[in-house]
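In what follows, a single structure is set out as structure tokens and then discussed.
The values are calculated or read from the model by the stated rules, or taken from the named source; none is laboratory data. The model shown is predicted, which means the values in this text are computed figures rather than measured ones. Note that each Cβ is placed from the backbone with ideal geometry, even for glycine, and that neighbours are counted across all protein chains shown. Keep in mind that these areas ignore ligands, DNA and RNA; they rest on the heavy atoms of the full protein, side chains included. Shrake-Rupley method; radii C 1.70, N 1.55, O 1.52, S 1.80 Å.
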Amino acid sequence: LAWLDGLPRGRPAFIFLNYLEPHHWLASPPFDRWAREVPGWRDLSRKGFFTHSMPVHLSEPERAFITASYDGQIAAMDASLGELIEGLKRRLRYDNAIIIVTADHGELLGEHDLIGHGGRMMYDGLLHIPMVVKLPGANRPRGEVKEPVQLVDIVPTVLDVLKVAVPPDVQGQILRQVTHPILAEEDINPEFVSH
């Protein structure tokens with residue numbers, strides 16, 4: 001927001017923010033409140049859950065702690081996004097903004113006896129992630145779309161909103177017009193194979 005304040009008034013801006021939350025470590029206060037409610041949380045917070053060992057065979061308190069920590073990270077990210085959106089509104093930049101919130105992967109929190117995202121699995125908990133899109137203008141489309149899309153559809157969508165031609169070599173389609181097959185693929189990382 002301070003960077004935006006340094007720009008000439010009305011000048012268009014592009015901001016890419018990479019929030020590390022949510023991942024699997026303990027959230028900072030006050031967002032750690034759910035994890036601190038799990039019996040034995042202090043000992044659990046020192047335990048090295050996030051290794052490349054499989055399967056993990058979590059106990060119920062371990063799984064509760066990991067889930068509560070993850071929920072805290074989501075709450076921390078949500079609060080940060082709220083500050084950003086409020087800041088854009090105060091600067092009269094919200095209504096005309098394109099805002100896209102998504103992730104590069106989900107996290108497994110004990111499902112399939114796995115934790116994290118380590119590049120060695122392709123389960124729904126890793127592949128099905130939210131994408132929230134706010135387009136500019138008062139008459140922008142609203143609602144929930146159930147049809148799957150992919151991250152490759154973001155660039156064509158942004159270019160379409162900006163009325164810029166999509167280069168022919170760009171993958172993906174405009175979000176409201178996605179007809180391509182939805183695919184997931186994985187290259188095996190030798191580091192994980194060695195574990």
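Legend: calculated FRET efficiency, Ala2 to Arg33, from the Cβ-Cβ distance at R0 = 45 Å, rounded to 0.05, equals 0.95. Along the chain, the longest continuous region that contains none of the trypsin sites (Lys or Arg not before Pro) in a DSSP loop with at most 14 other C-beta atoms within 10 Å is 92-141. With each label modelled as a point 7 angstrom along the Cα→C-beta vector, the Asp78-Asp43 pair spans 3.1 nm. Each of Ala103 and Glu60 was given a label point 7 Å from its Cα along the Cα-to-Cβ line. The distance between the two points is 2.6 nm. Rg then Dmax, both in Å and based on the Cα atoms of the chain: 19.8, 56. For the pair Glu86 and Arg11, label points projected 7 Å from Cα toward Cβ lie 2.7 nm apart. In the chain, once you exclude exposed GluC sites (Glu not before Pro) (DSSP loop, at most 13 other Cβ within 10 angstrom), what's the longest stretch remaining? Longest stretch, sites excluded: 38-143.
When the charge dipole of region 30-135 is built from unit charges on Cβ atoms (+1 for Lys and Arg, -1 for Asp and Glu) and taken about the Cα centre, the candidate among Ile98, Val133, Gly48 whose Cα reaches farthest toward its positive end is Ile98. Surface composition of region 59-114: carbon and sulfur atoms hold 51% of the protein heavy-atom accessible area at a 1.4 Å probe. Overall shape: prolate for region 100-178, with the ratio a/c of the largest to smallest alpha carbon gyration tensor axis at 1.5 or above and a/b above b/c. Charged side chains reduced to their Cβ positions (Lys and Arg at +1, Asp and Glu at -1) give the chain a dipole of some 1060 debye around its Cα centre. Shown is the FRET efficiency for Tyr94 and Ile182, computed with R0 = 45 Å from the Cβ-Cβ distance and rounded to the nearest 0.05: 0.90.
On a per residue basis, the chain carries 68 Å² of accessible surface, using protein heavy atoms and a 1.4 Å probe.
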